[in-house]
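What follows is a short report on a single structure.
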Amino acid sequence: MRLRHNCPEVSGVSTDAMTTSNRKHYLAPLLALLLVLGVVGYRHLRSSSLDGAWLKADGAAAMPDQITIRLTPSQFKMKYWAYPGGVERITLLLDGREHPFWTVAGGDLKISYHAELDGSGIVVTKHVETAGKDLAHFTEKWSVTEDGRKLTVSVEGDETVFRRPPFLRSLFVGNP
């Protein structure tokens, strides 16, 4: 009578070799699936189509070449590379009320704004005042196309167009 052993050590194949081999077969597809789910989740779960990094494609020289936007129901936050080598941050409250934007220290010149959501975009109106007199006002409109690939910033007839940077660019170049 011959006895059969089901023990792997007896049959000559170790259990360590089998589990390592199985891990190799499942690891690559699992990592690819996680990457795809991460990209799709980021695009669909962000709070607005305005969110993310944008590169200037065409338009006004006064606008920065690269911006990063974050939109919440109450705030519009923008970051960009500022001269000489820092990151400038601007936060606008989206409540439709007048807020201070910029003042000259010791001077009478001041700029105020009011901003609000308008569908899929933002409308910002800025007022320039000196000694209580309204010198000028201008309106900025920030809107993104339905596919989320093109951002247009209109300021009194001048348009600046931004586009999404290529995905691989984000691996090698930092955003503000």
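The values are calculated or read from the model by the stated rules, or taken from the named source; none is laboratory data. Values in this document were obtained by computation on a predicted structure and should not be read as measured data. Virtual Cβ from ideal backbone geometry, glycine too; neighbours counted across all protein chains shown.
Please go through (1) surrounded by fewer than 16 Cβ atoms within 10 Å (Cβ to Cβ); (2) among the charged types (D, E, K, R); (3) in contact (Cβ under 8 Å) with a residue 24 or more places away in the chain for ARG164 and return the number of the only condition it doesn't satisfy.
Among (1) surrounded by fewer than 16 Cβ atoms within 10 Å (Cβ to Cβ); (2) among the charged types (D, E, K, R); (3) in contact (Cβ under 8 Å) with a residue 24 or more places away in the chain, ARG164 violates only (1).
I'm checking my understanding of the structure. Among residues of segment 56-85 that are over 15 Å from LEU151 (Cα atoms) and among the aliphatic types (A, V, I, L, M), which one is surrounded by the most Cβ atoms within 10 Å (Cβ to Cβ)?
ALA82
What pairs come out if I take residues in segment 49-65 that are on the phi > 0 side of the Ramachandran plot and pair them with residues that are part of a strand (DSSP E or B) and among the basic types (Lys, Arg) whose C-beta lies under 9 Å away, six or more apart or interchain?
Going by the 9 Å Cβ cut-off, the qualifying pairs are GLY52/ARG70.
Given the condition within 26 Å of the chain's Cα centre (by Cα), surrounded by 11 or more Cβ atoms within 10 Å (Cβ to Cβ) and farther than 23 Å from VAL161 by Cβ, answer yes or no: does some residue in segment 103-111 qualify?
No: zero hits.
Considering only segment 148-161, how many residues are charged (D, E, K, R) and either surrounded by 15 or more Cβ atoms within 10 Å (Cβ to Cβ) or touching a residue at least 60 places away in the same chain (Cβ under 8 Å) (or both)?
Of the residues in that region, 3 qualify.
Looking at the structure I just gave you, is GLY119 under 23 Å from the mean Cα position of the chain (by Cα), exposed (fewer than 12 other Cβ atoms within 10 Å of the Cβ), closer than 18 Å to GLN66 by Cβ and not hydroxyl-bearing (Ser, Thr, Tyr)?
no
Under the condition of being among the hydroxyl-bearing types (Ser, Thr, Tyr) and without any contact (Cβ under 8 Å) to a residue 12 or more places away in the chain, which residue from segment 87-146 is farthest from SER74 (Cα to Cα)?
Across segment 87-146, the extreme among qualifying residues is THR103.
Return the residues of segment 79-116 that are closer than 16 Å to PRO64 by Cβ and at pLDDT below 90; say none if nothing qualifies.
Hits for segment 79-116 are TRP81, ALA82, TYR83, PRO84, GLY85, GLY86.
Going residue by residue through segment 131-147, is there one that turns out to be in contact with a His (Cβ under 8 Å, 6 or more places away or on another chain), crowded, with 16+ Cβ neighbours inside 10 Å, of a type in the set (Ser, Thr, Tyr) and modelled with pLDDT of 90 or more?
Among the residues of segment 131-147, not one is in contact with a His (Cβ under 8 Å, 6 or more places away or on another chain), crowded, with 16+ Cβ neighbours inside 10 Å, of a type in the set (Ser, Thr, Tyr) and modelled with pLDDT of 90 or more, which makes the answer no.
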